[in-house]
Amino acid sequence: MLDTIFSVTTITTMVGWLALLLSPLNPTWSERIAGAVLPLLLSVAYAVLLVMLWSDEGGYGDLAGVSALFAQPEGVLVAWVHFLAFDLFVGAWICRQARQDGITFWLVIPCLVLAFLFGPVGYLMFSIIRALTKRRPSKA
């Protein structure tokens, strides 16, 4: 059952990432799918899994406690769905913000790939690109 949940949540998330990669074609649907619906569904799945698979083993107080949380497949699955939900949410934010800031999508694509693979690194790269491309007010 855990493998099935893993596969379903992962494939579902891939739909969101595909929507983000196609967002220049239809930003409204991309935003609805990857920026709202799928992160919310993944958040519901996360909450349900958290309740269903709760374990008293481990904790958040130290590295040993966190390691104990992830020592069981159930803990890894819960963490995986957490990552899927937040990384997709961040990817949608990157696309939305890039559109608002007028950043070319060609610069956004590597940020999305990094956000998909390494979460915070994609956010970091986008933040750097955003800072470097920010339009400065002209002196009149």
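Nothing in this text is a laboratory measurement; each read-out follows from the coordinates by a stated rule. Remember, it's a predicted structure, so these values are computed and weren't measured experimentally. Virtual Cβ from ideal backbone geometry, glycine too; neighbours counted across all protein chains shown.
Give me the net charge of PRO39's neighbourhood, meaning all other residues with Cβ under 13 Å from the Cβ of PRO39; Lys, Arg count +1, Asp, Glu -1. Walk me through the intermediate numbers first.
Details: positive: ARG32, ARG96; negative: GLU31, ASP87.
My count for the surroundings of PRO39 gives 0.
Dividing the Cα radius of gyration by the Kirkwood radius, what Rg/Rh value follows for segment 2-133?
Radius of gyration over Kirkwood radius for segment 2-133 works out to 1.04.
Which residue, GLY91, GLY61, GLY16, has the most motion in a Gaussian network model of the chain that connects Cα atoms within less than 10 Å?
Maximum fluctuation in the GNM of the chain, among the listed residues, is at GLY61.
Below 13 angstrom from the Cβ of ALA68, what's the summed charge of the other residues (Lys, Arg +1; Asp, Glu -1)?
Working: positive: none; negative: ASP56, GLU57, ASP62, GLU74.
Local net charge: -4.
Can you classify segment 63-128 as rounded, prolate or oblate using the Cα gyration tensor, where a ≥ b ≥ c are the square roots of its eigenvalues, rounded means a/c under 1.5, and otherwise it's prolate if a/b beats b/c and oblate if not?
Numbers: a/c = 3.58, a/b = 2.87, b/c = 1.25.
Judged from the Cα gyration tensor, segment 63-128 comes out prolate (a/c at least 1.5, a/b above b/c).
From the phi of every residue in segment 88-100, what ³J(HN,Hα) in whole Hz does the Karplus formula 6.51 cos²θ - 1.76 cosθ + 1.60 yield, where θ is phi - 60° and glycine or proline is x?
3J(HN,Hα) across segment 88-100, in whole Hz: 5, 4, 5, x, 5, 4, 4, 4, 4, 5, 4, 4, 5.
Tally Lys and Arg at +1 and Asp and Glu at -1 over the other residues with C-beta under 15 Å from the C-beta of VAL81: what net charge comes out?
Values: positive: none; negative: ASP3, GLU74, ASP87.
Local net charge: -3.
Only sites in a loop by DSSP and with at most 13 other Cβ atoms within 10 Å count here; which trypsin sites (Lys or Arg not before Pro) in segment 87-140 make the cut? Don't skip to the answer; put the middle values down first.
Values: sites: ARG96, ARG99, ARG130, LYS134, ARG135, LYS139; in loops: LYS134, ARG135, LYS139.
Passing both the DSSP loop test and the Cβ count: LYS134, ARG135, LYS139.
Give me a comma-separated list of calculated 3J(HN,Hα) values for segment 28-39, in order, Karplus coefficients 6.51, -1.76, 1.60 applied at θ = phi - 60°, integers in Hz, x for any Gly or Pro.
Once θ is set to phi - 60°, the couplings for segment 28-39 become 5, 5, 4, 5, 5, 6, 8, x, 9, 4, 5, x Hz.
Using the Cα centre as the reference, give the magnitude of the dipole from point charges on the C-beta atoms of the chain (Lys, Arg: +1; Asp, Glu: -1; all else neutral), rounded to the nearest 20 debye. Write out the running numbers ahead of the final one.
Details: 8 positive and 8 negative charges, 243 e Å.
Charge dipole, the chain, about its Cα centre: 1160 debye, nearest 20.
Rounded to the nearest 500, what is the 222 nm mean residue ellipticity of the chain from helices alone, with -39500 (n - 2.57) per DSSP H run of 4+ residues and division by all residues? Numbers along the way, then the final one.
Details: 7 runs with 105 residues, N = 140.
Value at 222 nm, helices only: -24500 deg cm²/dmol.
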